[in-house]
Amino acid sequence: SGESGAGKTESTKLLLQHIMNLCKGNSQLEQRILQVNPLLEAFGNAQTVMNDNSSRFGKYIQLHFQKNTVQSAKLSEYLLEKSRVVQQDTGERNFHIFYYMFAGLSSEQKEMYGLLDPSLYRYISGRFGTQEVAEHWKHKYQEVCNALDMVGFQEQEQVDMQAILAGVLSLGNVTFEPEESNGSVKVSEASRGWLKAAAVKVDVLSQLVCCVPCSPVSPSVSCCCSLCADARDSIAKVAYSRVFGWIVCKINELLAENVDPEVELREIGILDIFGFENFAVNRFEQLCINLANEQLQHFFNHHIFQLEQAAYKEEGLPWETITFNNNEPILNLLLAKPLGLLSLLDEQSAFPQATDKTFVDKLNSSFKGNLHFQPARGCVLGFSIVHYAGKVQYAAGGFLEKNRDTLPANVRGLFISSVTPLLILLHIHHESRPALARVKRGHGASLLWLDGRLIFLFPCQHSLTVLMERMYSANPHFVRCIKPNSQKEPGVLDNQVVLLQLRYNGLLETIRIRRDGFSWRPSFEEFAER
């Protein structure tokens, strides 16, 4: 764990190499485990203002051992930041793979995928890079191609995958305009070429997004155009996230080869999850990320302070209790039922008339006087939460829509009628997965229909619940990554930046408990034998 940009992903790679070197195991499997990283980083990482190679998803790597050698591995991914596909803030970029494609594809390949100059695409904000950066991306693209070959992706699958990514970019340039004859909305004439490049049949998309019901509160044409744009973005996010999920499934097939299901294997798991974030503008995604970090901090406190000191008291040892910064009140603020922030968000998301403003009003009245919640000042639509790592101000615009994770109900028809075989396969494969059925029965998330759209309430919370259950069932070791400075500069140690992290992470109290307590504990049998 650690702040965004503190070195968690790099530490994970070093830790994997270290374990593989120690166990002198299956050298081919070792190479495969280490070689899938370029693939995961290309599709799951992006540049943010805090980190040029920021993980925008959480990953849990399970290494399965038999007689001290690694026999297989499994990768689980959590909370991919899908919204990045369609929107990035100033100084940030989309997922790396889009830029790698522009730099690495030949002119003929770009023509085949219908890719034009990168400055034309709204989803990458028209930003590219210098010649030097483009050369670096070209090298990275080759690494991705090598990793795809190594993992076992067929040539046609790779072509289809890149066709989907190119289609996602083209889809982002589709715009909408009013239909003069009847006041409805249609795909604009100027963007029909983009629709064709997206490998989507014009009539299918037109039927799909242009019949999205308008809000009963303000049924204006501009409102309908906005809803159509939301539907378009939803399709792009779903297409990208399913490609990512498919890549992870293929990696797991590769890493689980030749495993005897009858043999019981021991396990080491490594969790590498996005770090605490506090940007100039913090949105729904930052709340999800910071909630995950709050839960990990609570997990750390539980093991390092609560269980440790309880063991000393149980043994009857003379012990002066060490106090620590307990973040349980913050978790209650966020997760309590029925009046926690996320419960209120779900409640508001279920009402068609609810808006981001009604949600914020509800928070302000529910958490009045709470030390960890602060209403926004003036006319700002937002609120602040005093997290364990400091105060973060959240902009509430888009909270309800993102929590609803809306998908037009007839999107299946769009995917099934695609001219790209892989997109059909991805949709059918996703529908056959049992996760949705489990969630319907109430495991931390819920499904509902709203205005003819399928809505999946707070999938973030369900994903985190599954992850924390896995964490609490294990015997944990903590690797704390400390960010040396806020300027992304090598070899520069900013004392104040480091001290702040040592304090809010509870590391000063950890040092006390390690110094005053009993850091080495042999079993009685080990002690007697010695």
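The values are calculated or read from the model by the stated rules, or taken from the named source; none is laboratory data. Note that the coordinates shown come from a computational prediction; the quantities given were computed from them, not determined experimentally. Backbone-built Cβ (ideal geometry, glycine too); neighbour counts: all protein chains shown. Surface accessibility is based on the protein's heavy atoms, side chains included, excluding ligands, DNA and RNA. Shrake-Rupley method; radii C 1.70, N 1.55, O 1.52, S 1.80 Å.
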Q) What FRET efficiency, computed as 1/(1 + (r/R0)^6) with R0 = 60 Å and r the Cβ-Cβ distance, is obtained for Arg503 and Asp149, rounded to the nearest 0.05? A) 0.80
Q: Could you pull out the pairs from Lys357/Lys402; Lys196/Lys402; Lys186/Lys237 whose alpha carbons sit more than 26 Å apart here?
A: Lys196/Lys402
Q: Mind grabbing the accessible area of Val133 for me, 1.4 Å probe, Å², rounded to tens?
A: 50 Å²
Q. Zone of Lys368 (label point 7 Å along Cα→Cβ, backbone N under 18 Å): which residues in the range 337-358?
A. 339-341, 358
**Q.** the range 20-68 pair-distance distribution - Cα-Cα, 5 Å bins, rounded %
**A.** 5, 16, 22, 18, 14, 13, 8, 3, 1
Q | Percent carbon-and-sulfur accessible area, the range 127-177, ignoring ligands, DNA and RNA, probe 1.4 Å | A | 49 percent
(Q) Roughly how far apart, in whole Å, are the Cα centres of the range 477-528 and the range 274-337? (A) 15 Å
**Q.** Cα→Cβ-extended label distance, 7 Å offset, between Gln66 and Gln158, nm
**A.** 3.2 nm
Q. Residues with beta-carbon under 11 Å from that of Ile33, excluding Ile33: net charge, scoring Lys, Arg +1 and Asp, Glu -1?
A. +2
Q | Cα-based equivalent ellipsoid, the range 79-194: semi-axes from gyration tensor eigenvalues, Å | A | 29, 17, 14
Q.
I need the shape label for the range 139-185. Rule: rounded when a/c is under 1.5, else prolate if a/b > b/c, else oblate, with a, b, c from the alpha carbon gyration tensor.
A. prolate
Q. Once the Cβ-Cβ distance between Thr465 and Leu307 is put in as r, and R0 is 22 Å, what FRET efficiency do you end up with, to the nearest 0.05?
A. 0.55
Q: Under a cut-off of 17 Å between alpha-carbon atoms, report the aspartates and glutamates in cross-link reach of Lys8, not counting same-chain residues fewer than 8 places apart.
A: Glu41, Asp52, Glu77, Asp272, Glu277, Glu294, Glu489
Q: Please work out how much length the chain gains when fully extended from Ser473 to Ser188, using 0.36 nm per residue of separation minus the C-alpha to C-alpha distance, in nm with one decimal.
A: 97.2 nm
Q) Using the Kirkwood formula over every pair of different C-alpha atoms, what hydrodynamic radius in Å results for the range 259-401? A) 17.7 Å
(Q) What distance in nm separates the two pseudo spin-label positions at Trp319 and Phe527, each 7 Å out from Cα along the beta-carbon direction? (A) 1.4 nm
Q. Per the Kirkwood formula on distinct C-alpha pairs, the Rh of the range 1-124 is how many angstrom?
A. 16.6 Å
